[in-house]
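Nothing in this text is a laboratory measurement; each read-out follows from the coordinates by a stated rule. These numbers were taken from a predicted model, which means no experiment stands behind them. Glycine gets a Cβ as well: all are built from the backbone with ideal geometry, and neighbour counts include every protein chain shown.
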Amino acid sequence: MTGKTPGEYMYRELREGPGKVLETLRAAAPQVEEVAALIDGKNVSKVFILGSGTSFHASLYLQYLLTRHTRIHAAAIPASEFEDWLPGSRKDYLIVGYSQSGESTDIVWAFEKAKERGVPVVAITNTPGSTLTRIADASIVTRAGEEKAVAATKTFDVQLAAALMLAYRLAGLGYGEIEEAARAAQAVLDREPEIKALAERFSGAGHSYILGKAAGYPVALEAALKLKEAAMVHAEGFAAREFLHGPVQLVGPETPVFLYAPSAEAYRASGKALEKVRGYGAPLVVVGRGEADLLVDVEGDAAVLPMVKAAQLYAYHVALLRGKDPDAPSKLTKVVKY
């Protein structure tokens, strides 16, 4: 990537995220209405949500929101596993597929198989006119614009926003909380010096563990993925209390642990895991609410938007401090095709 500085694309794009969330709120609302009408019109009670990589983390978040706020039974499945997980009974269900490009082989194949079986499919993608939108019965096209960095940042932001929009529309809720969360995400970016200081503190760590509770769980998985993709750091994400069922064996003074807690309640519910981590001498950083080291300005499900900004910016700075170009991971491509 001659003529550019390392991480130039990732940095610019992650900072564009809050504005792209607001743009998606304005522009995609009619498409959300169309998808909601499809779900209501077909009396859908079961939704299977597909995605790969970052898009799978968005799928988990949508599963959480639909289960929490609506009557719909939702299950997130990795797109590459869909063939083996395909349910025998296909009555009253619908498939939602997340894909930034709308061209990834796994998700396109899954949509084609679903359509062959007469199952309605909905695409959530950043690419109008993509293969996925042509197959889909309805689409929500997010408004992130072109993303050049291999590691997804602003496209994940708008995927989260689309999940919030659809779940809140089905639940009869407004979008004001999402607008507030987008502003909170910008406020996190304004605290970049604090996040860079964390990166300087932990950039030498070869292993990191990222915990999440409630809506923070998909963020924990995404935060770990960003460290792998951008900074070549071995990082693993876990549900907060699930961390106690084995992985806590690996922590010590040399392994930083992050917790993403979207509410004071989520922070309190993670208390036993935090107690264990502290007891074993591992450095602990809490992002979100409760007794947070990096406090975000909103609480609840939409707090994912500012929390993920902290995760992305941290991974970017760790990458640079480790001498990596987060725009050019050597083994990855933007779209997985085969």
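To the nearest 20 debye, what charge dipole does segment 58-164 have about its Cα centre, counting +1 at the Cβ of each Lys and Arg and -1 at the Cβ of each Asp and Glu? Before the final figure, lay out the partial values.
Values: 11 positive and 12 negative charges, 76 e Å.
Around 360 debye, computed over segment 58-164.
Just from its helices, what would the mean residue ellipticity at 222 nm be for the chain, if runs of 4 or more DSSP H residues each count -39500 (n - 2.57) and the sum is divided by every residue, rounded to the nearest 500 deg cm²/dmol? Could you put the intermediate results ahead of the total?
Values: 13 runs with 161 residues, N = 338.
The helix-only estimate for the chain comes to -15000 deg cm²/dmol at 222 nm.
Placing +1 on the Cβ of each Lys and Arg and -1 on the Cβ of each Asp and Glu in segment 183-321, which of TYR267, LEU221, VAL248 has its Cα farthest towards the positive end of the resulting dipole?
Value: VAL248.
Just name one of TYR93, VAL233, HIS317: the one whose Cα is farthest towards the positive end of the charge dipole of the chain (beta-carbon charges, Lys/Arg +1, Asp/Glu -1).
About the Cα centre, the residue reaching furthest to the positive side is TYR93.
Dipole size in debye (nearest 20) for the chain around its Cα centre, Lys and Arg Cβ +1, Asp and Glu Cβ -1?
340 debye
Test of understanding: ordering LEU250, LEU305 by Cβ neighbours within 10 Å, fewest first, what list do you get?
With the fewest neighbours first, LEU250, LEU305 line up as LEU250, LEU305.
Over the chain, calculate the relative contact order: mean separation of alpha carbon pairs under 8 Å at least 6 apart, over the residue count, as a percent. Don't jump to the answer; show the numbers that get you there.
Values: 716 pairs, mean separation 69.7, N = 338.
Once divided by the residue count of the chain, the mean separation gives 21 percent.
Could you line up TYR93, TYR260, TYR61 from fewest to most neighbouring Cβ atoms inside 10 Å? Intermediate results must be reported in sequence, preceding the final value.
Values: TYR93 20, TYR260 37, TYR61 31.
The order, fewest Cβ neighbours first, is TYR93, TYR61, TYR260.
Within segment 145-188, list the chymotrypsin sites (Phe, Trp or Tyr not before Pro) lying in a DSSP loop whose Cβ has at most 15 other Cβ atoms in a 10 Å radius.
Numbers: sites: PHE156, TYR168, TYR175; in loops: TYR175.
Passing sites in segment 145-188 do not exist.
Mind listing the long-range amide H neighbours of PHE258? Cut-off is under 5 Å, sequence gap 5 or more, other chains count too, H placed in the peptide plane at 1.01 Å from N.
Those lying under 5 Å, H to H, from PHE258 are TYR209, ILE210, LEU211, VAL285.
Using Cβ contacts closer than 10 Å as the measure, can you line up LYS20, LYS46 from fewest to most? Show your work: numbers first, answer last.
Working: LYS20 23, LYS46 16.
Result, fewest neighbours first: LYS46, LYS20.
About the Cα centre of segment 183-321, what is the dipole size in debye to 20, counting +1 per Lys and Arg Cβ and -1 per Asp and Glu Cβ, all else neutral?
Details: 14 positive and 16 negative charges, 36 e Å.
I would put it at about 180 debye.
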